[in-house]
């Protein structure tokens with residue numbers, strides 16, 4: 001039975017790209033429509049773009065809860081399928097859908113009650129608070145499509161049907177892009193229109209993902225008949241996925257604190273936060289392919305771990321790290337060569353350009369190190385060692401990045417060089433890579449090396 005699944009028999013290089021390319025394509029489409037959102041919003045005003053940028057930490061936390069849960073589901077399901085345990089795989093998948101619904105309820109409640117408070121903690125500019133609160137309320141209260149789309153797409157990916165997840169992402173993105181100008185400009189809804197377009201796109205993508213799983217995914221059976229939450233299994237899911245959720249949460253806290261540092265100490269204040277937000281939109285075109293590669297690698301490693309095949313696991317990890325590094329080198333080159341044209345996508349003012357160009361160039365020096373960390377982190381996820389990625393993320397962002405950024409921002413303000421704050425990224429990434437390599441060495445010795453070599 002195992003030999004019939006491509007995860008166990010297809011040549012590794014071909015398998016990685018077979019699994020990853022559809023995910024990469026869908027993630028690039030996702031990055032594209034996020035940027036398109038911001039491009040349309042920037043035409044409303046720079047304050048509108050700032051509002052969406054300041055909403056990013058909260059929005060990212062919501063997405064992180066969805067993706068982290070899906071990581072745990074994907075890894076457990078991959079192991080079950082690799083070991084030939086069909087009933088367990090079904091149980092994992094059904095509990096995953098249940099957790100997606102729980103995540104939606106929690107996000108909707110927090111978004112409805114805390115959006116205004118969230119923005120007032122960052123800025124005192126009333127227009128930004130008003131637009132940002134409207135945007136955040138809509139995307140959180142309407143997050144059912146996002147939570148379910150991510151979960152159902154990961155179920156497709158975890159069973160080797162990555163191509164179908166590309167179609168669901170593409171549908172959602174296309175609908176979002178079409179509706180953005182209609183809601184923002186034709187109906188004069190501004191930032192709220194961008195949020196509504198996003199929600200509708202996610203619901204459409206979700207609907208298609210559900211249909212694919214019920215009609216095309218023969219490796220698992222999804223059914224609400226007789227379903228009861230298995231809290232022991234949910235505990236196993238979050239033993240793997242919770243570190244990923246915490247990693248994203250830490251990233252959101254980092255972004256929130258960085259925005260506070262920039263608004264307080266950078267000479268450009270809110271414009272510096274806008275530049276930081278523009279960087280996150282642009283870097284998604286570099287990081288999304290690497291994350292897509294990572295998502296393709298995880299089920300391969302998980303399956304072959306379940307099948308006790310060390311040779312295929314090691315080869316997958318090696319090639320994944322190599323391909324991720326190549327993508328990141330390309331990203332660094334782009335951010336150094338054409339930072340101005342990239343920022344002008346957002347109708348950047350001269351002030352925004354003067355802040356954003358050095359930011360893109362300096363931060364991009366950390367890309368290659370970040371790519372290696374992400375690639376090696378895929379093995380942690382697949383083997384149930386996601387806590388190592390979590391520890392690395394906490395150390396990188398809260399122990400090093402934010403304190404270093406705070407010191408450099410204050411020092412930069414005193415000497416008249418606000419660009420010093422951006423060097424916090426490459427400095428922090430050095431420590432992150434060092435720690436990741438130490439953790440990987442430990443995982444290899446204790447978990448990977450003892451396995452049978454297996455066959456090609």
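The values are calculated or read from the model by the stated rules, or taken from the named source; none is laboratory data. Everything quoted here is computed from the prediction, not taken from an experiment. Using ideal geometry, Cβ is built from the backbone for each residue, glycine included, and neighbour counts are taken over all protein chains shown.
Of note:
- Within the stretch 175-191, considering residues that are without any contact (Cβ under 8 Å) to a residue 60 or more places away in the chain and assigned to a helix (DSSP H, G or I), the one farthest from residue 20 (Cα to Cα): 186
- Only one of 322, 293 that is at pLDDT 90 or above and under 23 Å from the mean Cα position of the chain (by Cα): 322
- Matching option when the condition is modelled with pLDDT of 85 or more, surrounded by 24 or more Cβ atoms within 10 Å (Cβ to Cβ) and assigned to a helix (DSSP H, G or I), among 274, 264, 255: 274
- Being more than 14 Å from the chain's Cα centre (by Cα), surrounded by 24 or more Cβ atoms within 10 Å (Cβ to Cβ) and at pLDDT below 85 holds for only one residue in 51, 75, 25, and it is 75.
- Residue match in the stretch 90-112 (condition: farther than 28 Å from residue 239 by Cα and within 25 Å of the chain's Cα centre (by Cα)): yes
- Looking only at residues of the stretch 392-413 that are in contact (Cβ under 8 Å) with a residue 60 or more places away in the chain and under 17 Å from residue 68 (Cα atoms), we find that the one that is farthest from the chain's Cα centre (by Cα) is 394.
- In the stretch 220-230, the residues that are surrounded by fewer than 20 Cβ atoms within 10 Å (Cβ to Cβ) and under 26 Å from the mean Cα position of the chain (by Cα): 222
- Residue 84 touching a helix residue (DSSP H, G or I) at 6+ places or on another chain (Cβ under 7 Å), assigned to a helix (DSSP H, G or I) and modelled with pLDDT under 90: no
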